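Chemist: Quick one: the structure is below, questions incoming.
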Amino acid sequence: MTTPYYIVYEDKIRANMEKLRKVAEGADVKIIMAFKANALWKTFPIIAEYFTASTASSLNEMKLSLDYLGNDVHAYCPVYTEKTFPEFLKGSSHITFNSLAQYDRFKDDIVKWNNDHPEKKVSAGLRVNPHCSVIETDIYNPCVPGSRFGENPEALANGLPEGIEGLHFHALCESSSYDLEKVLEAFKKQYGHLLPKIKWLNMGGGHLITRKDYDVEHLITLLNKLHEEYPNLELIMEPGSAFTWQTGDLVTEVLDVVEDAGIKTAIIDASFACHMPDCLEMPYRPNIAEASPDDAKAGFTYRLGGNSCLSGDFVGDWKFEKPLKAGDRLTLLDMNHYTTVKTNMFNGIQHPSIWFKPSVGDPILLREFTYEDYRDRMD
């Protein structure tokens, strides 16, 4: 297969689905997939064997679920508009509002829709801010001071407006069950008086349930305790990364090695800015299958440089047992979740192809990109 290319593995997806299903069944919690982390719809038939509900933050995400995953779409947008809201009503089962003002703007539309479509009623919810920060990176912290996400407790001291059936909070990012426990404690202190009066509680995303060291039993215990406290509540979680955590890689080739100021850079045929933007945004350094362990004392040190003209299109450093040279292949691990959904074609850089490795048989080409894909984005 010609580099660069993403490759996604069926076996690894199924392993994640089994872990998520264990939680769903053990804690009586509804787990829905967040498209913002994964929109590779050609793999949805596998996911749909386990889960068919989704969360959508745009009309495109909603439509993708309706076409390829399922009709149980939980919509949340920071803002809805007069143009988009009627479509969200038609395609969603739940609609969460970011503010009381947004709900007040569209509540009559929901009432009318539910009266006219008793067989397909939409449940309205409100996002709230638990003011509990467990995330160190501000760009991924929904509870950072000055956050634009969710209502504050002062606005709800006297209760919820008529028609709100659920509450939603989101405060995690690749977090643990113990982080969720902290957030839940803060949430209940501020909004606990509202919980006996609603039907559902959406605890958002960021639950990295499929990470190797995640304490699944603690999560199940935590959620069952919540059920005991509030038996009226349907519990909902919408993990993004957990669905496709460590299910795909990006295979690249070294094209050249350059050196300046004692720093050796291996330039690859992929780009961090274009094909792995989270590496620069987070930032983080992905693991490479061919590299030495991080604690290796000996070896040859390189940073990797992308093939765009952006000066900051590089990440490092890694050690290798042997010097890198043009033609060497490098496998950047865990490049499915929050990767393929965030890619771009800056600089006209050729987009990696996407391959799928079924449990049985040879890899299958899902998509190969051409000049026309780049051109037509600006058409």
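Chemist: Just one of Tyr103, Tyr80 is surrounded by 19 or more Cβ atoms within 10 Å (Cβ to Cβ), more than 21 Å from Ser54 (Cβ to Cβ) and either of a type in the set (Phe, Trp, Tyr) or free of Cβ contacts under 8 Å to residues at least 12 places away in the same chain (or both); which is it?
Modeler: Tyr103
Chemist: Every residue in the range 310-324 that is touching a Phe, Trp or Tyr at 6+ places or on another chain (Cβ under 9 Å) and surrounded by fewer than 18 Cβ atoms within 10 Å (Cβ to Cβ), please.
Modeler: Residues satisfying the conditions are Leu310, Gly312, Gly316, Asp317, Lys319, Glu321, Lys322, Pro323.
Chemist: How do the pairs read when you match residues in the range 141-170 that are at positive phi with residues anywhere that are among the small types (Gly, Ala, Ser) and outside any loop (DSSP other than H, G, I, E, B), using Cβ under 9 Å and keeping only pairs 6 or more apart or on different chains?
Modeler: Taking only residues 6 or more apart or on different chains, the pairs are Gly163/Ala124.
Chemist: Report, by residue number, each residue of the range 230-268 that is touching a helix residue (DSSP H, G or I) at 6+ places or on another chain (Cβ under 7 Å) and of a type in the set (Val, Ile, Thr).
Modeler: Answer for the range 230-268, where residues must be touching a helix residue (DSSP H, G or I) at 6+ places or on another chain (Cβ under 7 Å) and of a type in the set (Val, Ile, Thr): Thr244, Thr247.
Chemist: Ok, one more. Conditions first: (1) in contact (Cβ under 8 Å) with a residue 24 or more places away in the chain; (2) closer than 22 Å to Cys173 by Cα; (3) outside the structural domain of Asn347 (by TED's automatic domain parsing); (4) not hydrophobic (A, V, I, L, M, F, W, C). Pro283 passes all but one, so which condition is the exception?
Modeler: So the condition that Pro283 fails would be (3).
Chemist: Here is a further query. Taking the range 164-201, which residues are out of contact with any Phe, Trp or Tyr (no Cβ under 8 Å at 6 or more places or on another chain) and among the acidic types (Asp, Glu)?
Modeler: Glu174, Asp179, Glu181, Glu185
Chemist: Considering only residues that are among the charged types (D, E, K, R) and in contact with a strand residue (DSSP E or B) (Cβ under 6 Å, 6 or more places away or on another chain), look in the range 230-274 and name the one that is nearest to Phe51 (Cα to Cα).
Modeler: Among those that are among the charged types (D, E, K, R) and in contact with a strand residue (DSSP E or B) (Cβ under 6 Å, 6 or more places away or on another chain), it is Glu238.
Chemist: Another question, then. Counting just the residues of the range 358-375 that are more than 27 Å from the chain's Cα centre (by Cα) and not in a loop (DSSP other than H, G, I, E, B), which one comes out nearest to Thr2 (Cα to Cα)?
Modeler: So the residue we want is Tyr371.
Chemist: Moving on. With the structure loaded, tell me whether Val73 is surrounded by 13 or more Cβ atoms within 10 Å (Cβ to Cβ) and over 26 Å from Asn38 (Cβ atoms) or whether it fails that test.
Modeler: Taking the combined requirement at face value, the residue does not satisfy it.
Chemist: Do you know which residues across the range 267-280 are in contact with an Asp or Glu (Cβ under 9 Å, 6 or more places away or on another chain) and touching a residue at least 60 places away in the same chain (Cβ under 8 Å)?
Modeler: Within the range 267-280, Ile268, Asp269, Ala270, Ser271, Ala273, Cys274 meet the criteria.
Chemist: OK, next. Select from the range 134-156 the residues that are in a loop (DSSP other than H, G, I, E, B) and either closer than 16 Å to Asn202 by Cβ or modelled with pLDDT of 95 or more (or both) and list them in ascending order.
Modeler: The answer is Pro142, Cys143, Phe149, Gly150, Asn152.
Chemist: Can you confirm whether the range 252-263 contains a residue that is under 22 Å from Ile13 (Cβ atoms) and not β-branched (Val, Ile, Thr)?
Modeler: Checked the range 252-263: no residue is under 22 Å from Ile13 (Cβ atoms) and not β-branched (Val, Ile, Thr).
Chemist: Scan the helices (runs of 4 or more DSSP H) fully inside the range 184-290 and keep the ones with 3 or more residues being out of contact with any Pro (no Cβ under 8 Å at 6 or more places or on another chain) and closer than 26 Å to Leu304 by Cα.
Modeler: By residue number, 272-275, 278-281.
Chemist: If you don't mind, there's one more thing I want to ask. Sort through Gly262, Gly248, Gly312, Gly305 and tell me the only one that's out of contact with any Asp or Glu (no Cβ under 6 Å at 6 or more places or on another chain) and at positive phi.
Modeler: Result: Gly262 is the single residue among Gly262, Gly248, Gly312, Gly305 that is out of contact with any Asp or Glu (no Cβ under 6 Å at 6 or more places or on another chain) and at positive phi.
Chemist: Out of Lys189, Lys112, Lys197, report the one residue that is over 28 Å from the mean Cα position of the chain (by Cα) and farther than 22 Å from Val73 by Cβ.
Modeler: Lys197
Chemist: Moving on. State all residues of the range 230-246 that are in contact (Cβ under 8 Å) with a residue 12 or more places away in the chain and surrounded by fewer than 24 Cβ atoms within 10 Å (Cβ to Cβ); if no residue qualifies, say none.
Modeler: Selection gives Tyr230, Asn232, Leu233, Glu234, Leu235, Ile236, Gln246.
Chemist: Looking only at the range 187-222, how many residues end up being of a type outside the set (Phe, Trp, Tyr) and either at positive phi or buried (at least 21 other Cβ atoms within 10 Å of the Cβ) (or both)?
Modeler: 11
Chemist: Another one. Go through (1) surrounded by 12 or more Cβ atoms within 10 Å (Cβ to Cβ); (2) in contact (Cβ under 8 Å) with a residue 24 or more places away in the chain; (3) not in a helix (DSSP H, G or I) and name the single condition Val341 misses.
Modeler: (3)
Chemist: Please work out which one of (1) outside the structural domain of Pro86 (by TED's automatic domain parsing); (2) among the polar types (S, T, N, Q); (3) touching a His at 6+ places or on another chain (Cβ under 8 Å) is the condition Thr2 fails and give its number.
Modeler: Only one criterion is unmet by Thr2, namely (3).
The values are calculated or read from the model by the stated rules, or taken from the named source; none is laboratory data. A quick note: this is a predicted structure, and the numbers were derived from the prediction, not measured. Please note: Cβ atoms are built from the backbone with ideal geometry, for glycine as well, and neighbour counts cover all protein chains shown.
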